[in-house]
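Asks: Okay, handing you the structure first.
The values are calculated or read from the model by the stated rules, or taken from the named source; none is laboratory data. Just so it is clear, the model here is predicted, and its values are computed rather than measured. Neighbour counts run over all protein chains shown; Cβ positions are idealised from the backbone, glycine included.
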């Protein structure tokens with residue numbers, strides 16, 4: 001299972017510009033230097049094939065072709081009734097990570113344990129579909145694409161708190177995902193973490209959709 005760190009807005013100047021504005025404001029409020037922002041995604045290999053796990057904007061109504069297993073609202077729950085204000089969570093067989101060629105210090109191998117990789121894939125439809133850009137759990141961090149990946153890793157048993165974006169960068173939402181995973185109630189099984197920081201058609205019986 002490999003982790004990719006993608007510069008926020010890679011391949012899209014509008015998103016990148018807005019990200020820089022957001023970080024400039026956040027840095028000023030926090031009285032710290034501005035940092036590069038990153039978005040995370042997973043590539044998971046099991047006997048059945050390769051899967052891409054990622055949160056992204058809803059592109060169209062053909063989510064089944066991208067392995068979409070859940071959708072959630074952006075900004076407010078009421079806005080989520082409109083497609084442009086929804087995100088999707090993908091468990092995409094033979095999928096692709098857009099702009100993977102722009103990834104930094106990636107891929108990072110997280111584990112070679114296939115049972116752990118399967119556990120992550122099984123958890124994808126269970127990711128909380130909280131409002132993107134909001135802090136509904138009062139974690140002190142917004143919910144976004146990084147939250148989804150951090151939640152999956154933490155719930156599967158990996159020490160997500162030991163994973164960090166490239167040097168000089170920031171991954172907003174990461175701590176929100178870890179916090180949400182620990183609030184889920186069930187105990188978190190932690191396997192050996194020997195490889196976590198070494199650096200660089202549906203799943204099984206079908207897909208589940210929820211909003």
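Conditions tested, residue by residue: (1) part of a loop (DSSP other than H, G, I, E, B); (2) surrounded by 18 or more Cβ atoms within 10 Å (Cβ to Cβ); (3) at pLDDT 95 or above; (4) at positive phi.
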{"site": "92", "(1), (2), (3), (4)": "no, yes, yes, no"}
{"site": "95", "(1), (2), (3), (4)": "yes, yes, yes, no"}
{"site": "135", "(1), (2), (3), (4)": "yes, no, no, no"}
{"site": "152", "(1), (2), (3), (4)": "no, yes, yes, no"}
{"site": "166", "(1), (2), (3), (4)": "yes, no, no, no"}
{"site": "176", "(1), (2), (3), (4)": "no, yes, yes, no"}
{"site": "188", "(1), (2), (3), (4)": "yes, no, no, no"}
{"site": "191", "(1), (2), (3), (4)": "yes, no, no, no"}
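Asks: Among the listed residues 130, 116, identify the single one that is assigned to a loop (DSSP other than H, G, I, E, B) and touching a helix residue (DSSP H, G or I) at 6+ places or on another chain (Cβ under 8 Å).
Replies: 130
Asks: Output the qualifying pairs, or none if there are none: Cβ atoms under 7 angstrom, residues six or more apart or on different chains, first residue in the range 73-93 and within 30 Å of residue 48 (Cβ to Cβ), second residue modelled with pLDDT under 90 and surrounded by 15 or more Cβ atoms within 10 Å (Cβ to Cβ).
Replies: Sorted first by the residue in the range 73-93, then by its partner, the pairs are 86/80; 91/203.
Asks: Is it the case, given these coordinates, that residue 39 is surrounded by fewer than 18 Cβ atoms within 10 Å (Cβ to Cβ), touching a helix residue (DSSP H, G or I) at 6+ places or on another chain (Cβ under 8 Å) and assigned to a strand (DSSP E or B)?
Replies: Criteria not met by residue 39.
Asks: Here are some residues: 100, 79. Which one is surrounded by fewer than 23 Cβ atoms within 10 Å (Cβ to Cβ), under 23 Å from residue 37 (Cβ atoms) and in contact with a helix residue (DSSP H, G or I) (Cβ under 7 Å, 6 or more places away or on another chain)?
Replies: 79
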